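Participant: Okay, handing you the structure first.
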Amino acid sequence: MRLEKSLRLFEEAIKYIPGGVNSPVRAFKAVGGKPIFIESGKGSKLYDVDGNEYIDYIGSWGPHLFGHNPHFIKKALQDAIENGTSFGAPTELEVKIAKLITELVPSIEMVRMVNSGTEATMSAVRAARGFTGREKFIKFEGCYHGHADYFLIKAGSGALTLGIPTSPGVTKGNAADTLVADYNDIGSVKKLIIQNKDSIAAVIIEPVAGNMGVVPADEEFLKELRYICSEEKIILIFDEVMTGFRVAKGGAQELYGIYPDLTTFGKIIGGGLPVGAFGGKKEIMEMIAPSGPVYQAGTLSGNPLAMAAGYAALSYIKDNADIYKLLEEKSSLLEKGIKEALKKSNKNYAFNRVGSMMTIFFTEEKVNNYKSAIKSDTNLYGKFFNEMLKRGIYLAPAQFEAAFVSTAHTGEDIEKTINLIIDSMGSLN
Ligand SMILES: Cc1ncc(COP(=O)(O)O)c(C=O)c1O
């Protein structure tokens, strides 16, 4: 495999961009490599600037439920661009997408569009604080909710991989209102609630964590969390930036049948363009400016191109109810093959999957929270990643991330991936 152009571009990039990338995990630091520069994507495949082809299991970190560049999103963008790129004034499409989101996710009565998952989670916590008049909130160790200061306390994803539990630049003041509980441990939540009686505005959780690798919440744990939040008048926020429209049409909340007060979205909701959203109960959402006093705004929020892509993606989901069955079939086939391949390799592993999100952890223990996830052998993951990449399989360049299957992955892609796992693991023995 030739990578000369990628290597040259990276040398150039590090002169002008911190670490050579615009988001840390792309730098391949956690797996001891250099990033590959991508030229194009089509269906399940990515093509780099040196002409190499990869079967892609990152899917731009989640947005590409239908693979790269599906015709209906491309067409929606082509049509929208004819009318202009941004107006800073309301458009009909914003009404249509808001209505569609409320149809797909019944716990959402009102929704506000933003430009990223980070903005969505930040704004949801602000809404909860404004609504309750309380300041503290609970998050869970290993969950990632974007990079707002007060979320970067024991965060997952890139922050976890790079070993930055609390980032420099986050003040003690910011950190003081963030309380951290253990995922899947209701006792740890109860303890914090007792210690901070009547001062907790919100509990925010990834109902299926994807940022310490995939770790599903236990149903009983989520049920109890819902119950305690209602009892204590704490706003329960499901961060469905990753799981929204991925694990089911109505997200993880539909899968579990447990409904939050507020939900945050990102990734799929923008069809590959920079979009996020937060929404939920009308009485909370009406606190948001200009209908209420909680300020939240965005020059490009509801951007017509982004809304066109997002509306095309969500309409496709609405009109094609069978895609989740299809994703389940493809993903379970991949799971079966991966497990057989890893068994043959005699390496310890744990495997977690919810629908089309999955992670192989190189550990002998079951992974159900942050503490068990970080027992994984990240060195071995790095080697595995690089062996797979050499063979044309593009996995997440870090252990604590999810792999995503799209509707565009074919049976042939899956079979090839499984064979290459056997081959890669063989070369590591
Ligand atoms: C669960 C979750 N919340 C929030 C975010 C932040 O979203 P963004 O990167 O769009 O700011 C992410 C990003 O991966 C995420 O996975």
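Participant: (1) closer than 22 Å to Pro274 by Cα; (2) of a type outside the set (A, V, I, L, M, F, W, C); (3) without any contact (Cβ under 8 Å) to a residue 12 or more places away in the chain: which one isn't true of Ser44, the others all being true?
Facilitator: Just one mismatch for Ser44, condition (3).
Participant: Sticking with this one: Could you figure out which of (1) out of contact with any strand residue (DSSP E or B) (no Cβ under 6 Å at 6 or more places or on another chain); (2) surrounded by 13 or more Cβ atoms within 10 Å (Cβ to Cβ) isn't true of Ser23?
Facilitator: (2)
Participant: A further question follows. Restricting to the stretch 260-282, and then to whatever is in a loop (DSSP other than H, G, I, E, B) and touching a strand residue (DSSP E or B) at 6+ places or on another chain (Cβ under 9 Å), can you tell me which residue is farthest from the ligand (Cβ to nearest atom)?
Facilitator: Step by step, filter the stretch 260-282, then rank; the result is Lys281.
Participant: Only residues that are away from the ligand (no atom under 16 Å from the Cβ) and buried (at least 18 other Cβ atoms within 10 Å of the Cβ): list them for the stretch 197-210, please. Outline the logic, then answer.
Facilitator: Within the stretch 197-210, the subset away from the ligand (no atom under 16 Å from the Cβ) is 197-201.
Scanning the stretch 197-210 gives Ile200, Ala201.
Participant: Scanning for something part of a helix (DSSP H, G or I) and more than 30 Å from Gly310 (Cβ to Cβ), does the stretch 231-245 turn up at least one residue? Show your work before the answer.
Facilitator: Start the filter on the stretch 231-245 by keeping residues that are part of a helix (DSSP H, G or I), which leaves 231-232.
Now restrict to residues that are more than 30 Å from Gly310 (Cβ to Cβ): 231-232.
Within the stretch 231-245, one or more residues are part of a helix (DSSP H, G or I) and more than 30 Å from Gly310 (Cβ to Cβ).
Participant: Do we find a residue being buried (at least 17 other Cβ atoms within 10 Å of the Cβ), in contact with a strand residue (DSSP E or B) (Cβ under 8 Å, 6 or more places away or on another chain) and modelled with pLDDT under 95 anywhere in the stretch 166-174?
Facilitator: So far as the stretch 166-174 goes, yes, one or more of its residues are buried (at least 17 other Cβ atoms within 10 Å of the Cβ), in contact with a strand residue (DSSP E or B) (Cβ under 8 Å, 6 or more places away or on another chain) and modelled with pLDDT under 95.
Participant: Taking the stretch 143-154 as the search range and keeping residues that are in contact with a Gly (Cβ under 8 Å, 6 or more places away or on another chain) and more than 8 Å from the ligand (Cβ to nearest atom), which one is modelled with the lowest pLDDT?
Facilitator: It comes out as Lys154.
Participant: Among the residues of the stretch 75-97, how many are free of Cβ contacts under 8 Å to residues at least 60 places away in the same chain and not acidic (Asp, Glu)?
Facilitator: 3
Participant: Is it the case that Ser123 is touching a Ser or Thr at 6+ places or on another chain (Cβ under 9 Å) and in a helix (DSSP H, G or I)?
Facilitator: Criteria met by Ser123.
Participant: Shifting gears a bit: Would you confirm whether or not the stretch 411-420 contains a residue that is within 26 Å of Thr243 (Cα to Cα), among the polar types (S, T, N, Q) and assigned to a loop (DSSP other than H, G, I, E, B)?
Facilitator: No; the residues of the stretch 411-420 include none that is within 26 Å of Thr243 (Cα to Cα), among the polar types (S, T, N, Q) and assigned to a loop (DSSP other than H, G, I, E, B).
Participant: Of the numbered conditions (1) assigned to a helix (DSSP H, G or I); (2) within 27 Å of Lys282 (Cα to Cα); (3) away from the ligand (no atom under 16 Å from the Cβ), Ser188 satisfies every one except a single condition; which is it?
Facilitator: Among (1) assigned to a helix (DSSP H, G or I); (2) within 27 Å of Lys282 (Cα to Cα); (3) away from the ligand (no atom under 16 Å from the Cβ), the lone unmet condition for Ser188 is (2).
Participant: While we're looking at this one, here's another question. Please go through the stretch 98-122 and pick out each residue that is of a type in the set (Val, Ile, Thr), away from the ligand (no atom under 16 Å from the Cβ) and under 24 Å from Leu327 (Cα atoms).
Facilitator: Ile101, Thr102
Participant: Could I ask something else about it? Go through (1) buried (at least 17 other Cβ atoms within 10 Å of the Cβ); (2) within 15 Å of the ligand (Cβ to nearest atom) one by one and return the number of the condition Gly298 breaks.
Facilitator: All conditions pass for Gly298, except number (1).
Participant: Taking only the stretch 283-322 into account, find how many residues are β-branched (Val, Ile, Thr) and under 12 Å from Val114 (Cβ atoms).
Facilitator: Looking only at that region, the number is 2.
Participant: I need a count of the residues in the stretch 214-223 that are over 22 Å from the mean Cα position of the chain (by Cα) and crowded, with 16+ Cβ neighbours inside 10 Å.
Facilitator: Residues meeting the conditions: 0.
Participant: Would you confirm whether any residue within the stretch 129-142 is touching a residue at least 24 places away in the same chain (Cβ under 8 Å), crowded, with 24+ Cβ neighbours inside 10 Å and either within 16 Å of Gly298 (Cβ to Cβ) or more than 16 Å from the ligand (Cβ to nearest atom) (or both)?
Facilitator: no
Participant: For Val247, state whether it is within 22 Å of Lys96 (Cα to Cα), within 16 Å of the ligand (Cβ to nearest atom) and β-branched (Val, Ile, Thr).
Facilitator: Answer is no for this residue.
Participant: If you don't mind, there's one more thing I want to ask. Of the residues that sit in the stretch 347-406 and are touching a residue at least 60 places away in the same chain (Cβ under 8 Å), hydrophobic (A, V, I, L, M, F, W, C) and in a loop (DSSP other than H, G, I, E, B), which one is farthest from Phe66 (Cα to Cα)?
Facilitator: Ile374
Participant: Which one of these is modelled with pLDDT of 95 or more and assigned to a helix (DSSP H, G or I): Leu300, Leu305, Leu342?
Facilitator: Numbers: Leu300 fails: assigned to a helix (DSSP H, G or I); Leu342 fails: modelled with pLDDT of 95 or more.
Checking each option against the conditions leaves just Leu305.
Participant: Still on this model: Looking only at the stretch 45-96, which residues are exposed (fewer than 14 other Cβ atoms within 10 Å of the Cβ) and either among the hydroxyl-bearing types (Ser, Thr, Tyr) or within 16 Å of the ligand (Cβ to nearest atom) (or both)?
Facilitator: The answer is Thr85, Ser86.
The values are calculated or read from the model by the stated rules, or taken from the named source; none is laboratory data. Quick caveat, the model's predicted, so the values are computed rather than measured. Neighbour counts run over all protein chains shown; Cβ positions are idealised from the backbone, glycine included.
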